[in-house]
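Novice: So that we are looking at the same thing, I have put the structure below in structure tokens.
The values are calculated or read from the model by the stated rules, or taken from the named source; none is laboratory data. Since the structure is predicted, the reported quantities are computational estimates derived from the model, not experimental observations. When we count neighbours, we look across all protein chains shown, and the Cβ atoms used for this are built from the backbone with ideal geometry, even at glycine. For accessibility, only protein heavy atoms count, side chains too; no ligands or nucleic acids. Shrake-Rupley method; radii C 1.70, N 1.55, O 1.52, S 1.80 Å.
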Amino acid sequence: MEYNKYNQMMRKYIDEGNEIKESYDTAKETFIRQHEKALRRFNDIEVQFKEFQKAFNLGEVTEEDFNEAKTEYERAEYTVNETGKRLEEIERYKKAILMSILTKQIELKKAFKMDLDDETNKLKHQLMKAKYDFLKLAVQLRKAYNKLSYEEYYHEKLKRELGLPSDVKELNAFQALSPAVMDDGAGISYRELSHALYFGMVPEELVKVMQQTHAEQIK
């Protein structure tokens, strides 16, 4: 999965979650107001009902008046409980839907990470391929150098066998060519690789060398 598609789908789930939250929070505000109103009414009726209980126990009010007060109290209590349950239901439904959206996001991230890992491995392979091609080139350059220095090599070898001093230091391809790929040559140092992968920068010295080489080749 490419990043643009992943980002588009993730944005869709985020927007969907925000819309669900806003919708349920709006509905919840309405029921909160209803519940608070019912609770205030219940508290007032509860105080009155307790007074009726005392009066009824003292025989100061009739059973009919007491039962009427009791019915009103129970109705108010029922309304409080129902609005409270409704609030809990709204919260429960909201969490269930948001959890399903979160699950989709997690699955999407898993799928993207698998694709991301695959693509990252492909990029790593490209670097390994570049290394392989580089070493294959070194093998070819070794052959080319050996061909160029064949006579010189055996000339110097004969001088050594006769105990005569040799003025030539580079007697093989590694000694002759390795300075170009090691010790700040064409080889890739940790600093150069980190700058390329972290900052997208190629060493200015190398750029200048390549430009100069190119200019000399087209003369």
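Novice: Report yes if ALA55 is under 21 Å from ASN81 (Cβ atoms) and hydrophobic (A, V, I, L, M, F, W, C), otherwise no.
Specialist: Working: under 21 Å from ASN81 (Cβ atoms): no; hydrophobic (A, V, I, L, M, F, W, C): yes.
No, not satisfied.
Novice: Evaluate the following for PHE134: is it in contact (Cβ under 8 Å) with a residue 60 or more places away in the chain, of a type in the set (Phe, Trp, Tyr) and surrounded by 13 or more Cβ atoms within 10 Å (Cβ to Cβ)?
Specialist: No, not satisfied.
Novice: Being in a helix (DSSP H, G or I), farther than 27 Å from TYR24 by Cβ and either open to solvent by less than 70 Å² (accessible area, probe 1.4 Å) or of a type outside the set (Lys, Arg) (or both) is the requirement here; does ALA55 meet it?
Specialist: yes
Novice: Do we have any residue at all in the stretch 77-85 that's among the charged types (D, E, K, R), assigned to a helix (DSSP H, G or I), without any contact (Cβ under 8 Å) to a residue 60 or more places away in the chain and in contact with a helix residue (DSSP H, G or I) (Cβ under 9 Å, 6 or more places away or on another chain)?
Specialist: Yes, there is a match, as at least one residue in the stretch 77-85 is among the charged types (D, E, K, R), assigned to a helix (DSSP H, G or I), without any contact (Cβ under 8 Å) to a residue 60 or more places away in the chain and in contact with a helix residue (DSSP H, G or I) (Cβ under 9 Å, 6 or more places away or on another chain).
Novice: Of the residues that make up the stretch 128-148, is at least one closer than 30 Å to GLU2 by Cα, within 54 Å of the chain's Cα centre (by Cα) and of a type in the set (A, V, I, L, M, F, W, C)?
Specialist: Scanning the stretch 128-148 turns up at least one residue that is closer than 30 Å to GLU2 by Cα, within 54 Å of the chain's Cα centre (by Cα) and of a type in the set (A, V, I, L, M, F, W, C).
Yes or no, residue by residue, for (1) surrounded by 15 or more Cβ atoms within 10 Å (Cβ to Cβ); (2) among the aromatic types (Phe, Trp, Tyr); (3) touching a residue at least 60 places away in the same chain (Cβ under 8 Å):
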{"position": "ASN4", "(1), (2), (3)": "no, no, no"}
{"position": "LYS12", "(1), (2), (3)": "no, no, no"}
{"position": "ILE20", "(1), (2), (3)": "yes, no, yes"}
{"position": "TYR24", "(1), (2), (3)": "yes, yes, yes"}
{"position": "ARG33", "(1), (2), (3)": "no, no, no"}
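Novice: Shifting gears a bit: Could you check ILE101 against (1) at pLDDT 90 or above; (2) closer than 30 Å to THR120 by Cα; (3) open to solvent by 60 Å² or more (accessible area, probe 1.4 Å) and say which number it fails?
Specialist: (3)
Novice: Kindly check whether there is at least one residue in the stretch 81-99 that is farther than 30 Å from LYS113 by Cα and hydrophobic (A, V, I, L, M, F, W, C).
Specialist: Scanning the stretch 81-99, I find at least one residue that is farther than 30 Å from LYS113 by Cα and hydrophobic (A, V, I, L, M, F, W, C), so the answer is yes.
Novice: Taking the stated definitions as given, is GLU107 among the charged types (D, E, K, R), open to solvent by less than 70 Å² (accessible area, probe 1.4 Å), farther than 15 Å from ASN18 by Cα and at pLDDT 85 or above?
Specialist: When the stated conditions are applied, GLU107 does not pass them.
Novice: Another question, then. Tell me, which residue of the stretch 10-31 that is of a type in the set (A, V, I, L, M) and modelled with pLDDT of 90 or more is farthest from GLU72 (Cα to Cα)?
Specialist: Restricting to residues being of a type in the set (A, V, I, L, M) and modelled with pLDDT of 90 or more, the top hit is ILE14.
Novice: Being among the aromatic types (Phe, Trp, Tyr) and closer than 30 Å to LYS113 by Cβ narrows it down to one of TYR73, TYR6, so name that one.
Specialist: Working: TYR73 fails: closer than 30 Å to LYS113 by Cβ.
Criteria check complete, one pass: TYR6.
Novice: GLU60 - would you say it is open to solvent by 90 Å² or more (accessible area, probe 1.4 Å) and either under 26 Å from ARG40 (Cα atoms) or at pLDDT 85 or above (or both)?
Specialist: yes
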